[in-house]
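**Student:** Sharing a structure with you now.
Any read-out appearing in this document is the output of simple, stated calculations on the displayed coordinates, not a laboratory observation. These figures come from a predicted structure and were not determined experimentally. All Cβ positions, even for glycine, are placed from backbone atoms using ideal geometry, and neighbour counts span all protein chains on display.
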Amino acid sequence: MHIKSNSDLGIPGEFEQRVFVALLRLMKENSYEEKFIVSISEILFSLGEKNKSYYSRIKKSLKVLSETIYTFKNCFYSYKERGILREEIRFSLINIRPIMRDESTINSIKQFEDKRKKEVYEISIAEKIYENIASKGFLAIDFEKLSNLDNLSKNLYIILEKKRINDII
């Protein structure tokens with residue numbers, strides 16, 4: 001597994017992990033849609049935080065999560081393939097698309113009912129991650145336990161490594 005950030009902010013750390021878990025919670029609240037729209041305040045609430053000083057930190061975390069490329073070879077489980085993918089695959093955990101408040105979006109996006117919101121984000125969970133979550137029954141995942149893990153990158157590696165070792169044994 002190789003992790004490379006195209007962001008000048010580095011690779012995901014503990015806060016980015018918390019943001020990713022918060023996004024998974026919000027995905028659950030949005031009927032497990034692969035794409036969903038959220039505001040920064042919804043992410044803040046999902047993080048269990050109330051301090052609005054986190055807004056800029058959350059925006060930076062979204063950037064880091066969307067600009068970090070994960071490369072897997074011989075260690076990524078694919079539900080579709082029913083096993084570990086042997087070829088090299090690359091993807092970001094999420095894709096984000098900022099949506100600004102304007103006349104075309106004002107009536108079509110529920111978050112804009114709050115007139116103070118000027119920007120929301122369309123979040124897309126990586127297809128390969130989403131497929132595994134949806135098809136393996138992880139949609140009922142305990143997000144509270146998941147949010148207590150140390151570091152997203154480290155934990156992804158540990159999970160994949162355990163799976164790989166169990167397949168060998």
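**Student:** For labels at GLU14 and GLU87 in the simple 7 Å Cα→Cβ model, what's the distance in nm?
**Tutor:** Reported label-point gap for GLU14 and GLU87 is 3.9 nm.
**Student:** Give the Debye-formula value of log10 I(q)/I(0) at each listed q (0.12, 0.18, 0.21, 0.22 Å⁻¹), with one equal scatterer per alpha carbon of the stretch 1-77, two decimals each.
**Tutor:** -0.37, -0.79, -0.99, -1.04
**Student:** Still on this model: Quick check on my link table: of LYS28/LYS115; LYS28/LYS80; LYS28/LYS59; LYS63/LYS110; LYS80/LYS128; LYS4/LYS28, which ones sit more than 19 Å apart, alpha carbon to alpha carbon?
**Tutor:** Values: LYS28/LYS115 25 Å; LYS28/LYS80 22 Å; LYS28/LYS59 21 Å; LYS63/LYS110 23 Å; LYS80/LYS128 9 Å; LYS4/LYS28 28 Å.
In this structure, LYS28/LYS115; LYS28/LYS80; LYS28/LYS59; LYS63/LYS110; LYS4/LYS28 lie more than 19 Å apart at Cα.
**Student:** Sticking with this one: Counting other Cβ atoms within 10 Å, which GluC sites (Glu not before Pro) in the stretch 57-120 have at most 13 and lie in a DSSP loop?
**Tutor:** Answer in residue order: GLU81, GLU87, GLU88, GLU103.
**Student:** Is there a quick way to get the dipole size of the stretch 1-135? I mean about its Cα centre, with the Cβ of Lys and Arg at +1 and of Asp and Glu at -1; what is the value in debye to the nearest 20?
**Tutor:** With only Lys, Arg, Asp and Glu charged at Cβ, the dipole is about 280 debye.
**Student:** Within the stretch 1-94, list the trypsin sites (Lys or Arg not before Pro) lying in a DSSP loop whose Cβ has at most 16 other Cβ atoms in a 10 Å radius.
**Tutor:** Loop-located and lightly packed - LYS50, LYS73, LYS80, ARG82, ARG86.
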